[in-house]
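Q: One structure, pasted below without further comment.
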Amino acid sequence: MKVKEKVLFLLEEKKGEYATAESIAHSLGVTQLAVKKAVDILRGEGYGIYTEASKGYALFPGNDARLADSIEKNLLFAADKVKMFVYDTLPSTNTEAKRRALEGAQEGVVVAALAQTEGRGRHGRSFFSPPDSGIYMSAVLRPYLPLQNALLITTAAAVASAEAIEEVCKRKTNIKWVNDVYIDRKKVCGILTEASVSAENGNLDYAVLGIGINVFEPKSGFPPELKDVASGILGSESGNVKSRLAAAVLDKFFTYYENLTQKKYLEAYRSRLLFVGEKVRILRGLSEREAEILGIDDNFSLLVRFQDNSVEALDSGEISVVFSSK
C-alpha cells in the first residue's frame, strides 16, 4: 500500500479529528515530509483535507474513503476510468458533480452519497434519498457529442443499471421510457442527465449523469405519495451489495459509453421496455393525450398510437397514469 493510501486510511479512522504530521509519520513509519507529500497528492485527487498549524490534518467528516475504495476494488472494465468520492450526506450528487465539472474535473470523477437532502429528478421533481437505503451517484462525463445525442447517455445508463441489478441482486427489471428502472411495476432506479453545451461548436462541454437506486426499503418506509409507485430491490444488506452494485453499474455504463453512438445496448433496452401494448397518458408540456405504447425506434424515440389511430415517434414527453389493458 502506498504512503498516500496509508495516510488516507488513518485519517478516515479519525474522520473529523485532527492528527499531527508527527503522529501520522510515527504511526506509519515514514517521514513527516512523506506525510505532507501524501496529503498534497490526496488533495489534488479531490479529497477534502483540512490543515491547522497546531493540530495537523483532518479529513472532511462527510467523506467515506473506505466505501469509495470498496467500490473501486469491485470495478473491472471501468477500473482505470473512475475515481470515486463518497460522502455521508450531500444536498445533491448532481450539483456537486456539476461544481467539480465547472472546476475542470476530468471525465470519470464520480460523486456518491449515502443520503441526499435535495435529491433531484426530471422536470424539477425531488428524488427521495434517505440514508442507508440507496445508491446515489453522479459521474462527470466529457463526451464529444451534439446535444441531440445526449439521450444516448440516459438510455445507456438505464440499461447498465437494469443489467447490474439483475446480475448482482438477481431481480428481473423493466425500463419505463425514458429513464426509470422498474421491478414488479414499481420504480427502483431513476436517472437524471444534465449537460452544458459549448457555444463554439454546439457539442456537449460536459455532462453529469446522476443515478439513484433504491437498494433497500427505507427504514421509515416511502412517503405516502411514493409507497404505491416506488420500491426497494432487496430486503436487507447482503455481501456488501451496495459496493458491488455501484461498481457493476459503472462497469456496464462505461462499456456502452466507450462506443455510445453504436447503440450496442438498443435491443437490451427494447426487450425491457415497460407498458408495451398498454394504454397510458402521454404528457408533453401542457398537453395530455391517451395512447398505446408500441415500442421504441432505433433512436430510442417512443412509438405510440393515439386514439385517432395516428402513430408518432416521441423524443420528449413523459408516460403518466397507466390504463392497463392486460
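The values are calculated or read from the model by the stated rules, or taken from the named source; none is laboratory data. Everything numeric in this text was worked out from a predicted model, so none of it was measured. For neighbour counting, all protein chains shown are included, and Cβ atoms are generated from backbone atoms with ideal geometry for every residue, glycine included. To get the accessible areas, we keep the full protein, side chains included, count just its heavy atoms, and leave off ligands, DNA and RNA. Shrake-Rupley method; radii C 1.70, N 1.55, O 1.52, S 1.80 Å.
Q: Which numbered condition in (1) in contact with a Lys or Arg (Cβ under 7 Å, 6 or more places away or on another chain); (2) at pLDDT below 95 is the only one that ALA162 fails?
A: (2)
Q: If you don't mind, there's one more thing I want to ask. State whether the residues of region 22-39 include one that is open to solvent by 10 Å² or more (accessible area, probe 1.4 Å), more than 30 Å from THR255 (Cβ to Cβ) and at pLDDT below 90.
A: No, region 22-39 has no match at all.
Residue-by-condition table, conditions (1) under 15 Å from VAL249 (Cα atoms); (2) among the small types (Gly, Ala, Ser); (3) part of a helix (DSSP H, G or I):
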{"residue": "ALA160", "(1), (2), (3)": "yes, yes, yes"}
{"residue": "ILE165", "(1), (2), (3)": "yes, no, yes"}
{"residue": "ARG171", "(1), (2), (3)": "yes, no, no"}
{"residue": "CYS189", "(1), (2), (3)": "yes, no, no"}
{"residue": "ALA195", "(1), (2), (3)": "no, yes, no"}
{"residue": "GLU200", "(1), (2), (3)": "no, no, no"}
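Q: Across region 275-302, what is the total count of residues that are open to solvent by 10 Å² or more (accessible area, probe 1.4 Å) and not in a strand (DSSP E or B)?
A: Selection size over region 275-302: 9.
Q: Looking only at residues in region 202-222 that are farther than 25 Å from VAL168 by Cα and under 16 Å from the mean Cα position of the chain (by Cα), which one is most open to solvent (accessible area, probe 1.4 Å)?
A: Top of the filtered list is TYR206.
Q: Follow-up. Of all residues in region 255-285 being of a type in the set (Gly, Ala, Ser) and over 20 Å from the mean Cα position of the chain (by Cα), which is nearest to ALA160 (Cα to Cα)?
A: Ranking the candidates gives SER271 first.
Q: List every residue pair whose Cβ atoms lie under 9 Å apart, where the two residues are 6 or more positions apart in sequence or sit on different chains, the first residue falls within region 20-35 and is within 15 Å of ALA58 (Cβ to Cβ) and in contact (Cβ under 8 Å) with a residue 60 or more places away in the chain, and the second residue, located anywhere, is among the basic types (Lys, Arg) and open to solvent by 30 Å² or more (accessible area, probe 1.4 Å).
A: If the second residue must be among the basic types (Lys, Arg) and open to solvent by 30 Å² or more (accessible area, probe 1.4 Å), no pairs are left.
Q: Would you mention how many residues in region 89-103 are open to solvent by less than 20 Å² (accessible area, probe 1.4 Å) and in a helix (DSSP H, G or I)?
A: Total satisfying the criteria: 4.
Q: Ok, one more. Would you please name the residue that is surrounded by the most Cβ atoms within 10 Å (Cβ to Cβ), looking only at residues in region 257-267 that are within 14 Å of ALA150 (Cα to Cα) and in contact (Cβ under 8 Å) with a residue 12 or more places away in the chain?
A: TYR257
Q: Does region 216-223 contain any residue that is under 22 Å from PRO130 (Cβ atoms) and without any contact (Cβ under 8 Å) to a residue 60 or more places away in the chain?
A: Of region 216-223, the ones under 22 Å from PRO130 (Cβ atoms) are 216-223.
Filter once more, so that each one left must be without any contact (Cβ under 8 Å) to a residue 60 or more places away in the chain: 221.
Yes, the conditions are met somewhere in region 216-223.
Q: Yes or no: ARG305 surrounded by fewer than 19 Cβ atoms within 10 Å (Cβ to Cβ) and in contact (Cβ under 8 Å) with a residue 24 or more places away in the chain?
A: no
Q: Kindly list the number of the only condition in (1) in contact with a helix residue (DSSP H, G or I) (Cβ under 7 Å, 6 or more places away or on another chain); (2) in a helix (DSSP H, G or I); (3) among the small types (Gly, Ala, Ser) that fails for ALA78.
A: Here ALA78 clears every test but (2).
Q: When only residues in region 159-191 that are closer than 18 Å to LEU302 by Cα and among the aliphatic types (A, V, I, L, M) count, which is surrounded by the most Cβ atoms within 10 Å (Cβ to Cβ)?
A: VAL181
Q: Quickly run through region 5-20 and pick out the residues that are in a helix (DSSP H, G or I), surrounded by fewer than 19 Cβ atoms within 10 Å (Cβ to Cβ) and at pLDDT 85 or above.
A: Those that are in a helix (DSSP H, G or I), surrounded by fewer than 19 Cβ atoms within 10 Å (Cβ to Cβ) and at pLDDT 85 or above: GLU5, LYS6, LEU10.
Q: Sort out which residues of region 104-158 are open to solvent by 50 Å² or more (accessible area, probe 1.4 Å), more than 20 Å from PHE253 (Cα to Cα) and either assigned to a strand (DSSP E or B) or modelled with pLDDT of 80 or more (or both), and write them in order of number.
A: GLY104, THR117, ARG120, SER126, PHE128, PRO131
Q: Separate question: In contact (Cβ under 8 Å) with a residue 60 or more places away in the chain and farther than 23 Å from LEU273 by Cα: does that describe SER161?
A: So SER161 does not fit the description; no.
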